[in-house]
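Before any comments, here is the structure.
The values are calculated or read from the model by the stated rules, or taken from the named source; none is laboratory data. Quantities reported herein were computed from a predicted structural model and do not represent experimental measurements. Using ideal geometry, Cβ is built from the backbone for each residue, glycine included, and neighbour counts are taken over all protein chains shown. Quick note on the areas: whole protein, heavy atoms, side chains included, nothing else; ligands and nucleic acids left out. Shrake-Rupley method; radii C 1.70, N 1.55, O 1.52, S 1.80 Å.
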Amino acid sequence: MQYQYNEEQSQFKDMLRKFVQDKYGYDCHLALCKSEQGYSEEHWQQFAELGLLGLPFSENVGGLGVDSGFLMAIAEEFGRGLVLEPYIATVVLAGGLLAKADNSDLSNVLLPKLVAGDLKLCLAWEERASRGNPLDVNATATRSHIGDNLLINGEKCVVLGASSADKLIVTAVAEDGGLNAYLIDCDAVGLHVQAQTLADGQRAGQIRFCNVEISADAALFSDGKAAATLQETLHEALLVMAADGLGAMDQLLALSLDYCKTRQQFGVPIATFQTLQHRLSDMMIACEKTRSLLWAAFQVQGSSEFGERVAMLKAQIGSAGRYVGQQAVQLHGGIGMTEELSVGAYFKRLTVLDLLCGNRDYQLNYLAQRQTQLTVDAA
Amino acid sequence: MLIEDQHSVEFRAEIRAFLDVAPSEEILEAGRKTTSVFAPFKETMAWHKILFRQGWVAPTWPLEYGGTGWTVEQRYIFAEECNRRGVPPLLPQNLQMVGPAVLGFGTQEQKEEFLPGMLSGEDFWCQGYSEPGAGSDLAALKCRADSDGDDYILNGSKTWTTYGHHANKMFALVRTSSAGKPQAGITFLLLDMNFPGIEVRPIVGLDGCPEQCEVFFSDVRVPKRNRIGEENKGWNVAKYVLEFERGGSSFGAWLVPALEKLRARSSLALDDSGRSVADDVHIQRRLTELEIDVRAVEHTEKRVNANLKHGENPGPMASLLKIISSEVMQKFSELQLDIVGLDALPLQTAALAVGSDIAGFGEESDMLVMPYYLNTRAASIYAGSNEVQRSLLAKAILAS
């Protein structure tokens, strides 16, 4: 059972950490947060050169075809370094779904461009009412008057990477009631993207589709596999996002330990106070429990248990990330409440992560319902 | 709730009639857009001035200095009605912090010089207590005031000075002696922010807005007649004021209607099917748990206030109130974040400025949820961290 990065993954991770340390000071993070684009195109091209954009994809589209451990390694270092580029949005979410699509005409053309850094994608699936459930979709794909064309209508919320994407993949319910996913150009007529800056500086978008006309061959799936594949893709993305969160939590613990050892009050380092020592221990416990559940989920990827373990992981990162973030701010006191230290930026990153893709409440309900269903099935 | 007696009913009606007409649109907008304990400056001071003209600005002050003479119950009714109407909470510096210091320790001359401006809102006073090296350990402060004839000469810096960039006056704790215990050499001074040698640097908070400031002093001359209390006895003044700051609170008056609004928000339809977040039993339970906490805070406040004789301060119960009210506000801010969900994620600082014509995403009340959550983390840090409060409380109960 794998409970840590293997040698190859570790080497890759060390390389990544050095890359992130060199490129992303906290000043750079702040500057990118405030920039119009919200990330650096130069960094994106460097990701392409390092092969990061092709990691999970097969070699015939220019990728490296490696396992999710490498994606976790990247995400952990990106979380630790507060990286803002839309990596998860493009590579893991949209790219992940595209790579599994039946429509290989689309994936064979688009994935090489994505891998080369020439194309950015986003996956528009969350809706206001879905509250984290990817199968709960109000957006529709109906037949238009022209040939086999389709009309997309609906609204998607907080679509990660929407403001920088060239093309998007949207989930919608077809006329037969089945879910499918469709590829659309971001400048299509009737498509309105309102760019958003999330609390942690990440860019996203609110997207409205008003009779957006697309041809039938823009559909990713042909045989009803869309729902299962979408869920699988989101589960993989949650694994990677949790690794990002864990990187941020580890860094907050490290920063808090340093601060408590050096900050003097009442004539002694504040780490001398037992109440703060226990707090630091509890933060460490939260990080380690999260790490265990991360690997527990990684181990069963591809099996029927994966969804359950990922839901546990996401629920855990929700509460543990919130606890570690809040306590890191508390231990730093006033200065933790400002933009001047990175502590607040990690706290905000973890706050956003909890709410994306099904928050803790959603995951708990999902797990409880799943358990009830298993009991019913067994009876 | 108990049925109010006739006097209270009439009093409530009088307050309500005034609140219906007195605040301007801008003042109400500022009230809605308050995401911190410190409401937007300009509109809040405009509201302060309106209340002053009405004679209601300082319910906790003695009648002869501009107080209202209201009973504890009437003060709570006033706070409840203000929250119901949604006016911004007044900034506490003038009325709850420096005012009580001057009332308690100032000379007759100082009272006449300083109290009228605090009361009317012509002056805004900021607090110069914390320093980079003196936070929880406030007595470690180093900002020096050296005696020079009729003046002190001030050198050093202060931090976490809320709205220092808006203030024209400051009340400060400074070091006048390094002999003896650290608490023994501290003096309470009043100064003008336009005295030569003062520099103010705003600090940007987690929500992207400047609320706190750093203030630097280089050879700032402060007349000795601006000293409150005796030289080296400023700690007593500060302690007295801190207990005022911690006691006499009415967070319950804010929390009860806020919880009602949150329940309503959780019942809003998410789409055409009419389902809502409140369909989730788990959310219902969390709301109910929070309500119990809110009621416990409300009635602890009311109980402490009711048992307090005029001019008394609440002692260790002040620490208890600070802990439970800050923690219930934080719990509230978290549940609100979980209920609003994705709609809370975009941080929309520009759209939230009072008078802004920038249209944001979604409902205005949803935009406030994230900055409120972020800002409310400060509640367990400021005015004596909750760790310090728990130590004070432990000391008090172990000693008894």
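Scan segment A:161-174 for residues that are open to solvent by 10 Å² or more (accessible area, probe 1.4 Å) and either modelled with pLDDT under 95 or in contact with a Ser or Thr (Cβ under 9 Å, 6 or more places away or on another chain) (or both) and jot them down.
A:Ser163, A:Ser164, A:Ala165, A:Val173, A:Ala174
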### Summary
Of the residues in segment B:204-215, those that are in contact with a Phe, Trp or Tyr (Cβ under 8 Å, 6 or more places away or on another chain), part of a strand (DSSP E or B) and either among the aliphatic types (A, V, I, L, M) or within 10 Å of chain A (Cβ to nearest Cβ) (or both) come to B:Glu211, B:Gln212
### Query
How many residues are assigned to a helix (DSSP H, G or I), in contact (Cβ under 8 Å) with a residue 12 or more places away in the chain, within 9 Å of another protein chain (Cβ to nearest Cβ) and within 14 Å of B:Glu334 (Cα to Cα) when one looks only at segment A:326-359?
6
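Each row is one residue, and each column tells you yes or no for (1) without any contact (Cβ under 8 Å) to a residue 24 or more places away in the chain; (2) closer than 26 Å to A:Asp354 by Cβ.
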| residue | (1), (2) |
| --- | --- |
| A:Asp176 | yes, no |
| A:Asp187 | yes, no |
| A:Gln194 | yes, yes |
| A:Thr197 | no, yes |
| A:Ala204 | no, yes |
| A:Ser215 | no, no |
| A:Ser222 | no, no |
| A:Lys225 | no, no |
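The rows are residues; the columns are (1) within 29 Å of A:Phe273 (Cα to Cα); (2) more than 19 Å from the chain's Cα centre (by Cα); (3) not in a strand (DSSP E or B).
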position: B:Val98; (1), (2), (3): no, no, yes
position: B:Ala139; (1), (2), (3): yes, yes, yes
position: B:Ala145; (1), (2), (3): no, yes, no
position: B:Asn155; (1), (2), (3): no, yes, no
position: B:Ala167; (1), (2), (3): no, no, yes
### Query
Inside segment B:164-186, can you point out the residues that are in contact (Cβ under 8 Å) with a residue 40 or more places away in the chain and in contact with a Pro (Cβ under 9 Å, 6 or more places away or on another chain)?
B:Gly164, B:His165
### Evaluation of A:Ala218 against (1) in contact with a Phe, Trp or Tyr (Cβ under 6 Å, 6 or more places away or on another chain); (2) open to solvent by 30 Å² or more (accessible area, probe 1.4 Å) (one fails), failing number
(2)
### Task
Residue by residue through segment B:84-95, note down the ones that are farther than 16 Å from B:Glu122 by Cα and crowded, with 20+ Cβ neighbours inside 10 Å.
B:Val87, B:Pro88
### Summary
By residue number, the members of segment B:265-288 that are in contact with a helix residue (DSSP H, G or I) (Cβ under 7 Å, 6 or more places away or on another chain) and either open to solvent by 70 Å² or more (accessible area, probe 1.4 Å) or more than 10 Å from chain A (Cβ to nearest Cβ) (or both) are B:Arg265, B:Ser266, B:Ser267, B:Ala278, B:Gln284, B:Leu287
### Query
Looking at (1) closer than 30 Å to B:Gly104 by Cβ; (2) part of a loop (DSSP other than H, G, I, E, B), which is the one condition that is false for B:Asn236?
(2)
#### Entry: Single residue of segment B:3-22 satisfying the filter (among the aliphatic types (A, V, I, L, M) and in contact (Cβ under 8 Å) with a residue 40 or more places away in the chain) that is surrounded by the fewest Cβ atoms within 10 Å (Cβ to Cβ)
B:Leu19
### Summary
Among helices (runs of 4 or more DSSP H) entirely within segment A:43-149, at least 1 residues that are crowded, with 18+ Cβ neighbours inside 10 Å and within 15 Å of the chain's Cα centre (by Cα) occur in A:68-80, A:95-99
### Query
Of all residues in segment A:360-373 being among the polar types (S, T, N, Q) and open to solvent by 20 Å² or more (accessible area, probe 1.4 Å), which is farthest from the other protein chains (Cβ to nearest Cβ)?
A:Gln373
### Message
Filter segment A:291-325 down to the residues that are of a type in the set (D, E, K, R), part of a helix (DSSP H, G or I) and either open to solvent by less than 10 Å² (accessible area, probe 1.4 Å) or over 16 Å from A:Ala242 (Cα atoms) (or both) and list them by number.
### Response
A:Lys314
### Top-ranked residue in segment A:175-201 [being closer than 30 Å to B:Asp207 by Cα and more than 9 Å from chain B (Cβ to nearest Cβ); ranked as surrounded by the fewest Cβ atoms within 10 Å (Cβ to Cβ)]
A:His192
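Can you tell me which of A:Ser292, A:Ser303, A:Ser281, A:Ser319 is under 29 Å from B:Glu131 (Cα atoms) and hydroxyl-bearing (Ser, Thr, Tyr)?
Answer to the selection: A:Ser281.
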